[in-house]
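I have placed the structure first, in the form of structure tokens, so that the comments after it can refer back to it.
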Amino acid sequence: MDVCWTVPNRLLSYLRTLPNLAEAYTSADPIRSPADLRAVPLLTEQGYLHAMREISDAWRGSGAYLFMSSGTTGQPKIGLQPRHQHIPEILQSWNPTSRTSGRRFVDFSSGGKAWSANHFFRELCLSKGMIYLHLGNVANDLDLDAIWGRVLLQSEACVISGNPTLLEIIASYVVKLGRDMPTVQAVLWTGEPLKGFHERAITRAFPNAELWSVYGGTEPWVIGFQTPEMPRNQFRALDYQYVELVDGSLVVTSLNEAVINPMLRYKVPDLIEAVDQTADGRILEFKVLGRADNRIFFDGNNVSPRAIAQAVRRIRNIEDSQVILRQRDGVVKRIEIRIRPQFGAAEPSHDDVLKALIEDDVQNDVLREILSVDSSEPFVINDRSGKCADYVFLDF
């Protein structure tokens, strides 16, 4: 696969003009090959954020969005994207409305909170000549009863978009009312992993819908896409995104002339596995394994809350889990596990979960200090992003 290195070299020159980043790129050679690209330093999320004001001030194009997304962790993230958001190029590979016959597009992405997804779905809808209906974020059935439920059921939507947490709430609400929505032919999800219970709820409520997804972030924008036939954690890289695998993490370089953010070897905080790649190491298709781990200190131990959450999900009869880190004055004092048992299955006890985790060899010395294993408490949904993270921090 031939690569034009014009854009990476422009981004290299651009990075040398940014005071917060220039020093790291002074000695980098011009990029003429994959080997030259691999010699360029990685751009980390922290380095990018340090230079964001300079990036915004340097932009002299015809118009752009300054996105301020909540991100998966609920920490604000900033990105500068061209007004068209690369949608013409994205649609060349990923066209989720191509198999739909209606014209109404209902978006549950939260405008003003998770702006990037909201604006992306709106522009996607309008580019296809459809009618866009933005219903916004919902946290539970009460929101749907009070605000959006009747509008949704009467919308005759053919496309619905949102993150999996919101889509599952919406789908379960429709099913609870004894309804389904056969007019829905495409469900577009993004922002967090699609789990089995999400998909089952969506399928029951929208029996004629196909599932489509894109993968990316506020800074690099869309990196890869997924069609209905693909595994739910697998994505094909867009032609204009050059993807590498570095120490287990995804690294992306933009080849798109319209790119504004300096996406030159930008390290995305996600772990991936290559499914298809070229001989020189360019990743063409990949599986997303999860976020690169953020560890915490608890009672003198280096703890991985994400590893705990993932290990709990491997326990029989548990469908999903969330780790609650109870903190006081910024210090984690207790750990709780909230679980979602499989439908109709016997609920595991605290001792059952603890024993299984110890057998899984996950932080044996820490697990005995876990406060509780609870299926009665609801999972915490971030009120900005509408997402349900593996772990959250809560004050006592």
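The values are calculated or read from the model by the stated rules, or taken from the named source; none is laboratory data. As the structure is a prediction and not an experimental result, all values here were calculated from the model. Counting neighbours? That spans all protein chains shown, and the Cβs are built from the backbone with ideal geometry, glycine included. With ligands, DNA and RNA removed, areas are computed over all heavy atoms of the protein, side chains included. Shrake-Rupley method; radii C 1.70, N 1.55, O 1.52, S 1.80 Å.
Would segment 369-383 turn up any residue that is at pLDDT 80 or above, under 22 Å from Phe197 (Cβ atoms), open to solvent by less than 30 Å² (accessible area, probe 1.4 Å) and not aliphatic (A, V, I, L, M)?
No, that holds for no residue.
So, in segment 36-57, of the ones that are of a type outside the set (Lys, Arg), open to solvent by 50 Å² or more (accessible area, probe 1.4 Å) and at pLDDT below 85, which residue ends up farthest from Ile260 (Cα to Cα)?
In this case the residue turns out to be Gln46.
In segment 274-325, what residues are loosely packed, with under 15 Cβ neighbours inside 10 Å, over 27 Å from Val380 (Cβ atoms) and acidic (Asp, Glu)?
If the condition is that a residue be loosely packed, with under 15 Cβ neighbours inside 10 Å, over 27 Å from Val380 (Cβ atoms) and acidic (Asp, Glu), then Asp276, Asp280 are the ones that fit.
Can you tell me which residues in segment 234-271 are under 13 Å from the mean Cα position of the chain (by Cα) and either at pLDDT below 95 or closer than 19 Å to Thr44 by Cα (or both)?
Scanning segment 234-271 gives Val268, Pro269, Asp270, Leu271.
Suppose we filter segment 152-168 for residues that are open to solvent by 20 Å² or more (accessible area, probe 1.4 Å) and in contact with a helix residue (DSSP H, G or I) (Cβ under 8 Å, 6 or more places away or on another chain); how many remain?
2
Anything in segment 268-306 that is assigned to a loop (DSSP other than H, G, I, E, B) and not β-branched (Val, Ile, Thr)? List them, or say none.
Once the filter is applied, which keeps residues that are assigned to a loop (DSSP other than H, G, I, E, B) and not β-branched (Val, Ile, Thr), segment 268-306 yields Ala279, Asp280, Gly281, Arg282, Ala292, Asp293, Asn294, Arg295, Asp299, Gly300, Ser304.
Restricting attention to segment 253-267, which residues are assigned to a loop (DSSP other than H, G, I, E, B), more than 12 Å from Val222 (Cα to Cα) and not hydrophobic (A, V, I, L, M, F, W, C)?
Hits for segment 253-267 are Glu257, Asn261, Pro262, Arg265.
Which condition breaks for Asp352 when tested against (1) open to solvent by less than 30 Å² (accessible area, probe 1.4 Å); (2) of a type in the set (D, E, K, R); (3) at pLDDT below 85?
Failing condition for Asp352: (1).
What's the total number of residues in segment 235-249 that are touching a Gly at 6+ places or on another chain (Cβ under 9 Å) and either free of Cβ contacts under 8 Å to residues at least 40 places away in the same chain or under 22 Å from Leu194 (Cβ atoms) (or both)?
So the count comes out to 6.
For Asn261, all conditions in the list (1) buried (at least 16 other Cβ atoms within 10 Å of the Cβ); (2) free of Cβ contacts under 8 Å to residues at least 60 places away in the same chain hold save one; what is the number of the exception?
It is condition (2) that Asn261 fails.
Restricting to segment 1-16, what's the tally of residues that are in contact with a helix residue (DSSP H, G or I) (Cβ under 7 Å, 6 or more places away or on another chain) and open to solvent by 30 Å² or more (accessible area, probe 1.4 Å)?
Adding up the residues that qualify gives 1.
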